Every structure is written in structure tokens, then in C-alpha cells.
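Please read the structure below before turning to the comments.
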Amino acid sequence: MSYKLDDINKSTLKILMISTEFPPIPGGVGRYTKNLTDGLKKIGIKVSVLCNEKGKGDFIGIDPKNENNSKIIFEVLDEYDPDLVHIQLEHGLYGLKMNSFNPRSLSTNIDKFYKECKIPIITTFHSAYPLHQWMELSKHPNLLNKNMITVSINLINQIGDYWKRFINYRSFNLANKQKMQASQANIAFSSYLAQLISENENAIKDQKSLSNFSVIYHGAEPNMNKYVKKREARQFFSLPLNRKIALFFGFMTHTKGWDILDNLDVPDDWVVVVNQSENLFNLAKPSPINNQKSQKILSHTDNKNSQNGKIINLNRGFLTDKELSILFYSSDIIVLPYTVTSGSGVMFDALAHGLPFIATDLGFFKEFADKGLGIVVKRRPNEFAKAIKKLESEYLHYTQRIENFNKELTWENVALQHFDLYRNILDKNDRIKNTPFPFVST
């Protein structure tokens, strides 16, 4: 559903938005928070941001390692006096602590805030996992090191991490649910994620909890005033003009599954373009590909490129929003062979630029494949190669569905849906009276 602005009392709302990540810190959560905040300000809502000291928010001080995060939040609440507080929740960004012996002690550095906050809380959940994906997060990328001593040490660490993650799975889900129940409203980027968080202990959908969720898609728009022609976009990155491009893009974590490139038979008339970047908060690095020990980002692609021109590594690291838009405009499809995901801002960004996706058959991607926006397959190189050919043969059908879907992804539409949620929550809490409803369905 899309919305449009009709009328709004600009003095109605005063929001504190909390996200450890915030530009210029690179990261998907921070980038999302910045775009959402800008969208809310454009429709007249007053929003201030609390973030890490490296971000350019209105208030700073929270950090994954800071055990006083809750205290800092309360101090900002006292100073700013907002109508409600909106948390962008990715547990690791607030210091997720797990215990190998006592899983009941699992905690973050904002638990006290959730227990004691006296004003309405809205929580946007950025992650939740089924068990097999949760366990996948514990992989050690260094196990391929051939030094026997190092292998033994890493193997012991790997077993220890697997055990700690396994016994803490139920506690992590409980922590999500406790924060959900402490919030007056909750947001997820997909129905899949909302249902995953809302499941009760018997794995049956808890309809009461689910009713406390709103599915608001991750906003996405090109960062350009006008459409950039494919030829011009490719010239910007010195990419070939006579082939179709399958793009692999994102942060360099092992869960992206880019080892599939080792055995991917790229179809004729196609080329794979790769760009990886690192995250400020030290996410796990990807496993070496083809048993290479080099830490250089996908350096093996330089060799493949010189041999047959099928894989090109841009090796540009973190891109500005403008550069990212140009890269999407230069491409034909996005490829997402993830081993783990709760959601994908890259997928939404690609859709906003008209690109269909090919992804691993994980729950999140299945939801959008069912809408006809892309294809999901088993995470095998031959399956991805076949999917590229299928997308090529039905390309127009996919792009037409994407064009219709993209109306829901504009930041104005996303901001207006947030306003609707804020208003409903504050009405229930007697903080806002007789507010004009600012938009109507179209």
C-alpha cells in the first residue's frame, strides 16, 4: 500500500531515533536510519538521532562495548523529552553477550532501558534467525589455514563457538520476544521476519504477538535526480558494454556466500562484477576462496578476469550512495548467494533500480520471489547459473513487476507509514489529541 501526504501538524511529533550505526559510519543499519530520519523530517516530523561517537547524530555516546548504554539513553531522554523513542535493533550493535555455560545470562547493554523506559518504545527488528542460520554465524574463516597448530587451535575455538551459539539460541529468541513485548509497536521488513520473532515456544505463530508487528518494507530509491543510462553508468566504472552484468555487492562477511564464485559457470554474454567493503564494527571476514591465504578482497578474481573476462573485481571498498546508484544502473541483476540473512537492504536497493534478484532459498528471499521480483534456488553454482539464464529469458516480466512494487519503497511512503504507526501509538497513550490524518490510500 502506498500513501501520500494530505495535511500534517508539524508540531505534533518529537521522536528520538536510536541506532549505534549512523553515517559516516558505514553499515546497512546506519544508512537505513539516515534515510528514514530524512524522510520523516521531510514530512514535518521532528527527529533527533542518538548514535556512536563516530556518527554525526544529534546525540552520541552509545557503543557495542559500552555497558552504560541504557544510562546514556535515559540522559538523552531527560534532555530531549521526546514523545516516543524508536530503536533500530540489531543486538550486536548494542553489545550482545552470550555465556557458554549459562545461556540465561544472555544480555545486551540496553536491556535496562527496555525494562525501565516510561515513554512509548517502537522497535524495528533487523535480525532473527532459524536455528540452522543462527549456527552458521559461528563459522571460523581461518580453518583452511594449513598450519596444523593453527588448525588445531581454530578447531577448538570453532567447537567452543558452536556450543555457545547452540545453547544460547533459545535465549536469543527470548531476548527478541522480551523486547517485542516491552515495545508498544514493532516493525519488520518482511512478514517472514515478523512471524519468526513472534513464534511461541511450540513454534506456532502467536497471533497476539504478531498483531503487535507492522511490516514496513526497507525504503530504497536511486540516489540520482535522473535515470542514468546503462552505457554511461558502465563507463563510470570502466565496465564492458557488450555483456550483461550480474552484480555481487555487500559487506565482506562469510555469510554472503561468495565462495560460490569458485565454481560458478558464468553464462555466455554475461560477466560477474564484484565489490566488497568492510564494516566498522569488525564483522567476521569471509573465508578464503580457492584456499588462498591472502586477505586482499577477492584477489582471485583478478586472475580469473585476465583469463576469460568473466569475473571483474572492482575492489572499490565502501561506495557513496551516488556511486552505488551508478553501479546498480550499470547492472542487469543482483546475485545474493547468502548462507544467512534476516533481511537484505542490498536486495531492496537493487529492486529500486529495477534489478531482479537471484538468491539462496532462504525464508526472507522466498517471500519476495513469491511476488515475482526474483528467483530463489539451492545454494549450488549450477543452480545459480541456470537461474541467470531463466531471468534472461523472462527479464521483461520481472522488471514490470518490480516497477509496480517500487512504489512501496519510496522513502516518503515509508516515512508516512511510520507516522501512521507513531500517531496510533501516541493516541493510545493520550499524548496526541485530534491530530489530522495526513494521508489517504492511493
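A few notes on this one:
- Whole-Hz ³J(HN,Hα) from phi, Karplus 6.51 cos²θ - 1.76 cosθ + 1.60, for the range 104-111, glycine and proline x: 5, 8, 3, 7, 10, 8, 10, 4
- Under-5 Å amide H pairs with Lys14, H placed in peptide plane, nonlocal only: Asp83, Leu84
- Residue-by-residue Karplus 3J(HN,Hα) for the range 28-40, coefficients 6.51, -1.76, 1.60, Hz, glycine and proline x: x, 5, x, 5, 4, 4, 5, 5, 5, 4, 4, x, 5
- The residues of the range 50-125 present an accessible area of 48 Å² per residue when probed at 1.4 Å with all protein chains retained.
- Over 25 Å (Cα to Cα) - which of Lys42/Lys177; Lys97/Lys177; Lys42/Lys226; Lys256/Lys371 fall in this group: Lys42/Lys177
- Residue-normalised accessible area of the range 350-418, expressed per residue, 1.4 Å probe, Å²: 41 Å²
- Couplings 3J(HN,Hα) for the range 419-424, derived from phi with the Karplus relation 6.51 cos²θ - 1.76 cosθ + 1.60 (θ = phi - 60°), are 4, 4, 5, 4, 4, 4 Hz, where x marks Gly and Pro.
- Kirkwood hydrodynamic radius (C-alpha pairs) into Stokes-Einstein, the range 58-124, 20 °C and 1.002 mPa s, D in µm²/s: 168 µm²/s
The values are calculated or read from the model by the stated rules, or taken from the named source; none is laboratory data. Bear in mind the structure is a predicted one, so any value in this text is a computation, not a measurement. Calculation scope for accessible area: heavy atoms of the full protein, side chains included, ligands and nucleic acids excluded. Shrake-Rupley method; radii C 1.70, N 1.55, O 1.52, S 1.80 Å.
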